[in-house]
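Let me begin by presenting the structure, written as structure tokens, before commenting on it.
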Amino acid sequence: MPRLSIVIASLNDAEPFELTLASVLQRRPDDCEVVVVHPFAYADPYDLSAEVRFLHAAGQANCLELLNAGLAAARGDVVHFLEAGLEVEDGWAENAMACFDQPAVGAVSPVVTFAGKGQPVAWNGIGYHAGGRRMLLESVGSAGRAATPLDVLGPARCAGFYRTRPLRELGGFDVGLGEQLADIDLALSLRQLGFRCATEPASRIRAAAMPIQPGPSFASGCQSEQLFWRHAPAQGWLTALLLHPLAVAGETISQLPDPSALAHLAGRVWGCFSLSGYKRHQRRVQRARTRLDESGEAAEDATATPPGMWSPTVRRQAA
């Protein structure tokens, strides 16, 4: 059984994932498998079926559903998700895998560098303000210096390494929270199980351009509010409730004068009355904890910096 499963998800056409696949096949470690999940017809013109498993998903599948399908098919102890269009650098996998020698590490965030005009931008991972706002953690400077492990709550959805078993017990990415919030929900859930995320500056991945961030909407507001109430107990009720109105107000002001900011705010209000997912999430985490305890794969309690804490080594971009 391979130690690492590399899952490449591609939504649209073959060219972006062929770029990623070529990069992975040139630099992959020996003890790994490569899985490509796609919703479109692919003829495998390079006859890679002996080296790559191609999984055809339903035509209407979104990115999260592709990643979850790859998780279900993965045979490695660690699963690494890569979205189509990214290119890996030498040693990216080996350096990240070394972090999993620590039992409390449930995820590893590589450094993802985006080219573009002026100075390149490097993502170290994602963070979460206790008041209820997801943040992208960016390095300052062209060297792409990574934040300390305690600064990063989890990897961004586009590229991350995870222990396979805890991820499966949690059910993978929660599709109901949408593509912008499912990664932070997963990171917070792993933290509830006692796992932490490590950053590995020697694990580097390149992208040609920054991904387009969707604008605010009613659905994104509702999902943001559901995420907040789902994880508020773990953040501490007093801190969360004190910071939440300030975070929402700051978020709304930053989105104005875009009219959709008001739709996002309305979604936030609606989300306050749509808390059916709270108990379902708690059952999900408790079930995962019980199964990990029974299998002897539970993490030791990991001490972590509160996700709203700021650090001078990184610049946080609200997302």
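Results for (1) within 16 Å of the chain's Cα centre (by Cα); (2) surrounded by fewer than 17 Cβ atoms within 10 Å (Cβ to Cβ); (3) polar (S, T, N, Q), shown as yes or no for each residue.
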| residue | (1), (2), (3) |
| --- | --- |
| 160 | yes, no, no |
| 163 | yes, no, no |
| 178 | yes, no, no |
| 202 | no, yes, no |
| 209 | no, yes, no |
| 218 | no, no, no |
| 230 | no, no, no |
| 248 | no, no, no |
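Identify, please: which residue in the range 1-31 is hydrophobic (A, V, I, L, M, F, W, C) and surrounded by fewer than 14 Cβ atoms within 10 Å (Cβ to Cβ) and is, among those, nearest to residue 172 (Cα to Cα)? Ranking the candidates gives 1 first.
One residue alone among 13, 44, 31 is of a type in the set (Asp, Glu) and modelled with pLDDT of 90 or more, and that residue is 31. Against the definition (at negative phi, surrounded by 21 or more Cβ atoms within 10 Å (Cβ to Cβ) and either within 13 Å of the chain's Cα centre (by Cα) or at pLDDT 95 or above (or both)), how does residue 136 come out, yes or no? No, not satisfied.
Check whether at least one residue in the range 66-89 is farther than 15 Å from residue 162 by Cα and out of contact with any strand residue (DSSP E or B) (no Cβ under 9 Å at 6 or more places or on another chain), and report yes or no. No. Residue pairs whose Cβ atoms lie under 6 Å apart, sitting 6 or more positions apart in sequence or on different chains, and linking a residue in the range 149-160 that is under 24 Å from residue 16 (Cβ atoms) and among the basic types (Lys, Arg) to a partner that is buried (at least 22 other Cβ atoms within 10 Å of the Cβ) and at pLDDT 90 or above, are 157/183.
The values are calculated or read from the model by the stated rules, or taken from the named source; none is laboratory data. Predicted model, so just to flag it, every value in this text is computed and none were measured. Cβ coordinates were reconstructed from backbone atoms using ideal geometry, including for glycine residues, and neighbour counts include every protein chain displayed.
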